[in-house]
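Shown next, in structure tokens, is the structure this report addresses.
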Amino acid sequence: MIGLVDATVLAVTKLRIRRIRTIVTVAVSGILFAALVAALVVFQGGLRSVTKFNKNGLGSRYIAQATPDFPLGGNWFQSKALMDRAQEIYDQTVSDKKAAAKSLGIPYDSTTEVAPTVNPDGVATHTYLSLAAPSAQKAVQEYIAAHPSPGLPDLRRVSTPYHPIDFYATTPVPIINGLTPMDNGVESFADPSNPASGFNISNDFFQQNPFSLMPTQLTKPFMLSHTKWSSKSDAIPIMVPYATATKLMGLSPLPAGSSATKKLARIQELYAKAGDVSLIACYRNAVSVDQIQTAISTAAEIAKNKGNKAYQKPELIYGLPDPASCGAAPIVSDKRTKQEISLADKQRTFDAEFGATIDPDQQKIVFDIVGLVPDQQNAPSNTASGILQGLVGSSLAGTIAIPQAMYNQLPSVARYDSILLPKQQGFSFGLSAMNYVEFSSADAARGFITHTSCTARSNGTCATPAKPFQLAAFGSDSIALQDLQHKFSTFFKIAGLVVVGIAIVIMTGTVGRMLADSRRETAVFRAIGAKRIDIASTYGIYTLLLSGMVAGVALVIGLLVAWLFDEHFWKMATVHAQLAFGGANSQQQFHFLGYSTQIWLVAGAAVAAGLVSMILPVVRNIRRNPIKDMRDE
Amino acid sequence: MYTKRKRENINTMHKTPLVQSEAVRAFLRQFNNDPEVAIGAIRAAALPASGPKNTKLSNKPVILQAKDLAKSYKVGRQTVQALTNVSLEIHEGEFVAITGSSGSGKSTLLQLLGGLDKPSSGTITVNGQSLSGMKDRQLARFRSETIGFVFQFFYLQPFLSLQRNLEVPGMFSGAKRSERLARAQELAEAVGLADRLSHLPKELSGGQIQRAAIARALMNKPQILLADEPTGNLDSKNGDAIIAMFEKIRTQFGTTIVLVTHDFDAAQRADRVIALKDGVVV
């Protein structure tokens, strides 16, 4: 039998026959397999980068967020029981206030009380609970107190079969109306009733962003390595989104089309400097806010009536405090008579009796940035960025969080509690504490969410005793990531089979044509002593060389494409990853080059495709009568 | 298809007074108006078909014997009888020419003798061994070790150097590279191409290529060289050189040579001519 080296020598000559066809075959098949190689390398690289970024954020953990039903259930605003109870409270309050006013000898106008229900169009069925009415709020609070939402004990119970490893809870902070930022350390005394005064609620940080007190286990991945905060400073630690930090640092947002390099530099700047940034706010209670507003409106009225001799100034005039002080509104002029002062004192007693705040309270509060979280997803979900953010973006995106453990160290924690977590929270009953349960594996978390989450019903409710929560993956979505990995694996197998199939067809054509072209030569070889096995060996080596070239081209082009892809996209991907994942390591880069042993599988598939493509033409060829082939020539 | 030289010969001969006669024309028509074939037939008829012209060789043992050979094959729906009852004996070291017109069956006979094809009936014996009972693998070995083939169109591998081309039969017989190299050198010297071993076939002339093809056929030291129209694609000068080469090979290596040819001059230089007409020895 012909030796391997000799068969190779003869096989190499076959590659030189019909070079164009050989080149086209190698190129087309090579490009098909190269697409697989490139996809593998890019996917593996991307996945590794995702995993790396995940370790910084919450992505490597398997946490489920448990949201209880809205405490009042569906159609609560039309609940007859609630409306009846609110009406009862209203009636009782009016009756009590009438009696108290009579006793104190002060006037009381019951029409100033907000009615517990509204009926905007007069249709009986369109009667709703009035959210602004204290009586309605009280009725609701009573109901919630009597029907507490499922909490951590319930979560422990339902998650036990899935072997949870930890539980957490966050406390939502309601929007505090009297908390306003002091831009550049100065309080703005704009008139909310007069937009021309410069009042703009959208600029108000505390009106626009919901707060939460969060456990350290959830906030830790997002903490800055450098921050000026210390418990002694008594500043409230907060983690803010990138966009908020940008604003607080006095930086202009980057234009939409900014380069990835600029975006990366901005992120790194944020991580480097955000820890030195504080947000100073002025807290005022309702009385203090009222006095400031009175001072603003009185000043405006006096200015308007300047020169009007008929105009009579109010007896009690408040002035504005030093804007940098967050102080109380000083009394500028008090010309009230003793009787007026007595009446005012009685009114204060009356208000106090019915739970109203009567003394002004104000305080400068400093918030120190201690962490950064990703911005809320803003990319459309059908874009690459949106898909990435949707898949791996953190659930903390856009959240302003106060790390609970740091907060608890503050000397003024009790005072801050009274401001941030008031017992009388106004209409804030929807803000239930959020509970979390952590598992050791994605399978356990997935199983828990799939089998234990309640299903929303048409009446707006969801929970049942067995399934008291609506469950969702929390943190960077590791579960989705694993699913993506499985899906890619399946896709890769299918795509691989299709590519191998196409390559076999192409290579069978080429090998078949080459063998047909070589019939005379085969006949000559047979004439000069070649056995069938010699011919088959030679063509076998030829096919191996051909498919080896295909595999080589696939590897070279595939790796080159992957490298070019990485070169082109890594910066932008790093920006998106930094924005989507968060995490404190701003130096980390998102690359798409990842070695996978599966690329050798692709190369092997290319060779296997070649060998399969050889079988039929070679068998056909060696069975031919060499005399016929010589005669045909 | 006639070569240019042959067409010229035919034209010249047709103008001679002898060929103008009707009797001669009728005779020539039996040989497709090919005077060379006709003359070959006359010469063959004049020679004893049973023994060699060179009487010294008649004492040598018979190396190749064909008995009652017949070969038919199908072309479309028709069956073509290529050979009918052909019997011959060729002695060791003999130089035999087989002549005949196109389609007379001479190439078919050569392929049967070389074990490339199997006869429909009859037997071929080489060195006392019948080819009929040989399996495919044995036939391949027989072709590799006993037979050397030379073709009209040379069939050298265009992308291999002359050196490698000469080695090809040795590759199939499993000869060691060192032996092949030495043998190739020896043969190249024998055919006058020692200085061309590194050249590709396209860098050689037609005559040189055919000499190279002869050298390739001799790589495995065959006892019998079967040449199918080896001069058919060459001019007369190169054709003569090739025949001279066969004579030299026969002398140098003692190789038995069977030459299929149209060329009267070439056939004339053989020890014996076997003429075929319509598959029958005439």
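The values are calculated or read from the model by the stated rules, or taken from the named source; none is laboratory data. Predicted model, so just to flag it, every value in this text is computed and none were measured. Note: ideal-geometry Cβ built from the backbone for every residue, glycine included; neighbour counts use all protein chains shown. Surface accessibility is based on the protein's heavy atoms, side chains included, excluding ligands, DNA and RNA. Shrake-Rupley method; radii C 1.70, N 1.55, O 1.52, S 1.80 Å.
Miscellaneous remarks
- Burial here means at least 10 square angstrom less accessible surface with every protein chain in place than with the chain by itself, probed at 1.4 Å; in the stretch B:120-148 the buried residues are B:D136, B:R137, B:A140, B:R143, B:S144.
- Distance violations [Cα-Cα > 24 Å] among A:K309/A:K335; A:K138/A:K364; A:K97/A:K138; B:K221/B:K248: A:K138/A:K364
- Phi-derived couplings, Karplus 6.51 cos²θ - 1.76 cosθ + 1.60 at θ = phi - 60°, listed residue by residue for the stretch A:141-149: 4, 4, 5, 5, 4, 7, 10, x, 5 Hz, with x used for Gly and Pro.
- The stretch A:267-370, accessible surface, carbon-and-sulfur percent (1.4 angstrom probe): 52 percent
- Database remark: amide H of B:V80 closer than 5 angstrom to the amide H of B:Y73, B:K74, B:V75 (H placed geometrically; neighbours at sequence offset of 5 or more, or on other chains; Pro and chain starts carry no H).
- Backbone amide hydrogens, once placed in the peptide plane, bring A:F367 within less than 5 Å of A:I236, A:L279, A:I280, A:A281, excluding anything fewer than 5 places away on its chain.
- When each of B:K106/B:K237; A:K628/B:K118; B:K118/B:K277 is checked by Cα-Cα distance, pairs over 22 Å: B:K106/B:K237
- The stretch B:161-251: proportion of alpha-carbon pairs further apart than 18 angstrom, %: 40 percent
- Heavy atoms of A:S325: accessible area, 1.4 Å probe, square angstrom to 10: 50 Å²
- Proximal aspartates and glutamates to A:K313, defined as alpha-carbon separation beneath 15 angstrom and excluding residues fewer than eight positions away on the same chain: A:E301, A:D334
- From its DSSP helices (H runs of at least four residues, each -39,500 (n - 2.57)), chain A gives a residue-normalised ellipticity at 222 nm of -17000 deg cm²/dmol.
- Within the straight-line cut-off of under 30 Å between alpha carbons, the lysines reachable from A:K262 are A:K52, A:K55, A:K220, A:K228, A:K247, A:K273, A:K571, sequence neighbours fewer than 8 places apart in one chain being disregarded.
- With θ taken as phi - 60° and the Karplus curve 6.51 cos²θ - 1.76 cosθ + 1.60 applied, the whole-hertz 3J(HN,Hα) list for the stretch A:467-473 is 10, x, 10, 8, 10, 8, 5 Hz, x standing for glycine and proline.
- From phi via Karplus (6.51, -1.76, 1.60), per-residue ³J(HN,Hα) for the stretch A:12-18 in Hz, x at Gly/Pro: 4, 5, 5, 5, 8, 7, 6
- Surface accessible to a 1.4 Å probe, per residue, for the residues of chain A, Å²: 48 Å²
- Under-5 Å amide H pairs with A:A66, H placed in peptide plane, nonlocal only: A:N435, A:Y436, A:V437
- Principal-axis tilt of helix A:478-517 within chain A, Cα atoms, nearest 10 degrees: 20 degrees
- Ordered from highest to lowest accessible area with the whole protein assembly present and a 1.4 Å probe, A:R526, A:R520, B:R250 read as A:R520, B:R250, A:R526.
- Low-density loop cleavage sites - chymotrypsin sites (Phe, Trp or Tyr not before Pro) in the stretch A:530-619, where at most 13 other Cβ are within 10 Å (DSSP): A:Y595
- Given R0 = 45 Å, the distance between the Cβ atoms of A:D121 and A:R336 translates into a calculated FRET efficiency of 0.50.
- Using alpha-carbon coordinates, inclination of helix A:260-273 to the longest axis of chain A, degrees: 50 degrees
- Against chain A, whose longest principal axis is taken from its Cα atoms, helix A:80-104 shows a tilt of about 30°.
- Shielded by partner chains, the stretch A:1-22 residues - at least 30 Å² of accessible area, 1.4 Å probe, vs chain alone: A:I2, A:D6, A:V9, A:L10, A:T13, A:R16
- Percentage of interatomic Cα-Cα distances in chain A larger than 36 Å: 59 percent
- Heavy atoms of chains B and A lose about 2500 Å² of accessible surface on contact, summed over both sides with a 1.4 Å probe.
- Legend: calculated FRET efficiency, A:L251 to A:Q587, from the Cβ-Cβ distance at R0 = 25 Å, rounded to 0.05, equals 0.80.
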